[in-house]
Amino acid sequence: MKQINSVLLPGEFFKNNFLEKTRKLMSLDIDTVYLFDHGINPAGKNLDVYELIDGINKLNEIVDDQFSLGVCVLNINARPFHELFEEYILKFLEIKNFKLGVGTGDDKFEKRPNFSNDIEIIINEIVNLNKFKQNNINLFIGGSSEKKLKLMNKYEIGINQWLGTKNSFQEKESIFNQIKHPRGNLSLCSKADNPFFFDSELNYEKIYVLKDSNREIFFETIDNIFK
């Protein structure tokens, strides 16, 4: 079975040579290119960071179905409910084969407004929209809490783990393995410069988290992953 390899773009990806870097990605066997949802660059507050919608639009104009696009993951509490749906979720659902990750966010990289949106209501709304099925949207949840695991099982969606332990991943794996027709992938994020993925009988999605870098380092990192 084909290995699912994807990448998560760094905050400064669009600052320099983004067309050349995108064409490089298009030449490789990449399943999905993800953008993250942060207002501040996790690598440093003084570094540039793309705006999520703008970045997705730029990529969508040129990828020509060479790979899927996605967000890993959309913080449902960073925006009011109406804005979250009208300006983000509904726009993502217009993109065929889009991989939409949703999560409740944390303060690890930045403090943002908390609008306390109900994640189950949001998931339920998404899976019942016509565009969800029409455009073959892949939906997954980010996190490891008991609530997130129950939602994955109840709505038969995917789940993502950011680094974390083998035990935590195996718990997700055991639940996901019982879902007959999942509407999203089981995935694990790992640092691209020092990747570490767990052995599994499932063909889960490996997401390489790319660091902010210049063109040469970016190309070298990509070549090492997909050699």
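The values are calculated or read from the model by the stated rules, or taken from the named source; none is laboratory data. Being a predicted model, the structure only gives us computed values, none of them experimental. Ideal geometry is used to build each Cβ from the backbone, glycine not excepted, and the neighbour counts take in all protein chains shown.
A few points about this structure:
- Candidate set: the stretch 72-86, residues that are surrounded by 14 or more Cβ atoms within 10 Å (Cβ to Cβ) and of a type outside the set (A, V, I, L, M); chosen: the one farthest from residue 190 (Cα to Cα): 81
- Here the stretch 195-227 is the region considered, the condition is being surrounded by 12 or more Cβ atoms within 10 Å (Cβ to Cβ) and basic (Lys, Arg), and the residue that is modelled with the highest pLDDT is 206.
- Residue under evaluation residue 87, criteria (1) in a strand (DSSP E or B); (2) over 16 Å from the mean Cα position of the chain (by Cα), criterion not met: (1)
- Residues of the stretch 130-166 that are β-branched (Val, Ile, Thr) and in contact (Cβ under 8 Å) with a residue 24 or more places away in the chain: 137, 141, 157, 159.
- Test: residue in the stretch 158-174 that is within 21 Å of residue 97 (Cα to Cα) and surrounded by fewer than 18 Cβ atoms within 10 Å (Cβ to Cβ): no
- Tabulated pairs, the stretch 62-79, first closer than 20 Å to residue 5 by Cα, second among the basic types (Lys, Arg), C-beta under 7 angstrom, 6+ apart or interchain: 68/99; 70/99
- Which listed residue, of 16, 77, is among the polar types (S, T, N, Q), in a loop (DSSP other than H, G, I, E, B) and modelled with pLDDT of 95 or more: 77
Condition check ((1) more than 13 Å from the chain's Cα centre (by Cα); (2) touching a residue at least 24 places away in the same chain (Cβ under 8 Å); (3) not in a helix (DSSP H, G or I)) across all residues:
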site	(1), (2), (3)
21	yes, yes, no
25	yes, yes, no
37	no, yes, yes
58	yes, yes, no
83	yes, no, no
